[in-house]
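Asks: Pasting a structure below so you can have a look.
The values are calculated or read from the model by the stated rules, or taken from the named source; none is laboratory data. Only a predicted model underlies this, so the values are computations on that prediction, with no experimental measurement involved. Cβ sites come from the backbone with ideal geometry, for glycine too, and all protein chains shown count toward neighbours.
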Amino acid sequence: MGHDEERRFTAAEALARLKAGNARFVRGEARFPTLQKEILASLAKGQRPYATLLGCSDSRVPPELVFDAGFGELFIIRLAGNVLSAEVAGTMQYAGTHLKTPLFVVLGHEGCGAVQAALLAKRHGARDRSRIEALLANILPALEEVDPGLPAEEQMRAAVEANVRWTMRQILETPEAQARQAEGVMQLVGAVYKLETGVVRFLDA
Ligand SMILES: [Zn+2]
């Protein structure tokens, strides 16, 4: 749901790139700092990620790179618009109960296509394919607090942040989150990633 790029790969080209990338990784020639085989072997025995992160599927916001995190460090759920669903809640509960990650992060990003589409649907009644509309329906309640009088760019910025807070609110309403918060063993934070600078801005509670 990002901006179109001039160059578009075919599926076969994309698959070849994935395979080539994996081959580089295995050869120890990855473009990004990578792990020693011993560390991989040790991680194969189990994971202890320190944070669970719900982010957007947008290709421009890869959490491990954004946070310079390695294998086994982040437990990540990515969906367009970083929305909550039953499956996401189940994955988060797994992270809390079994992996016991102490920190939960909802990471939105500026220029989010899903949020933009929800804004267009709300303001102008724009229609989309049914499954996309179902996704956008998860975002619409977040937009209630966005001032329609703001310039479009500011509305968009406010909508991205409101969507992060809306997802956080829904997470906090779950009984398991309330229990874990009461025990003081879980922290939930919201953040917004800025595409142009790569800076993650953590939101005030
Ligand atoms: Zn997005």
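Asks: Please find, among Gly184, Gly90, the residue that is at positive phi and loosely packed, with under 15 Cβ neighbours inside 10 Å.
Replies: Being at positive phi and loosely packed, with under 15 Cβ neighbours inside 10 Å holds for just one of Gly184, Gly90, which is Gly184.
Asks: Out of all the residues in segment 68-102, which are assigned to a loop (DSSP other than H, G, I, E, B), more than 16 Å from the ligand (Cβ to nearest atom) and out of contact with any strand residue (DSSP E or B) (no Cβ under 7 Å at 6 or more places or on another chain)?
Replies: Result: Asp68, Ala69, Gly70, Phe71, Gly72, Glu73, Lys100.
Asks: Let me ask something else about it. State all residues of segment 31-46 that are of a type outside the set (Val, Ile, Thr) and either exposed (fewer than 14 other Cβ atoms within 10 Å of the Cβ) or at positive phi (or both); if no residue qualifies, say none.
Replies: Hits for segment 31-46 are Arg31, Phe32, Pro33, Gln36, Lys37, Glu38, Leu40, Ala41, Ser42, Ala44, Lys45, Gly46.
Asks: Taking Arg129 as meeting all but one of (1) within 24 Å of Phe202 (Cα to Cα); (2) out of contact with any Phe, Trp or Tyr (no Cβ under 9 Å at 6 or more places or on another chain), write down the number of the exception.
Replies: (1)
Asks: Here are the criteria: (1) surrounded by fewer than 19 Cβ atoms within 10 Å (Cβ to Cβ); (2) touching a Ser or Thr at 6+ places or on another chain (Cβ under 7 Å); (3) of a type outside the set (A, V, I, L, M, F, W, C). Tell me which single one Pro62 does not satisfy.
Replies: Condition not satisfied by Pro62: (2).
Asks: Quick check on Val61: is it aliphatic (A, V, I, L, M) and at pLDDT 95 or above?
Replies: no
Asks: Does Ala134 satisfy being more than 10 Å from the ligand (Cβ to nearest atom), farther than 21 Å from Ala191 by Cβ and not in a helix (DSSP H, G or I)?
Replies: Considered against the rule, which asks whether it is more than 10 Å from the ligand (Cβ to nearest atom), farther than 21 Å from Ala191 by Cβ and not in a helix (DSSP H, G or I), Ala134 comes out as no.
Asks: Answer yes or no as to whether Val115 is in contact with a Cys (Cβ under 7 Å, 6 or more places away or on another chain), within 12 Å of the ligand (Cβ to nearest atom), closer than 26 Å to Pro63 by Cβ and free of Cβ contacts under 8 Å to residues at least 60 places away in the same chain.
Replies: Answer is no for this residue.
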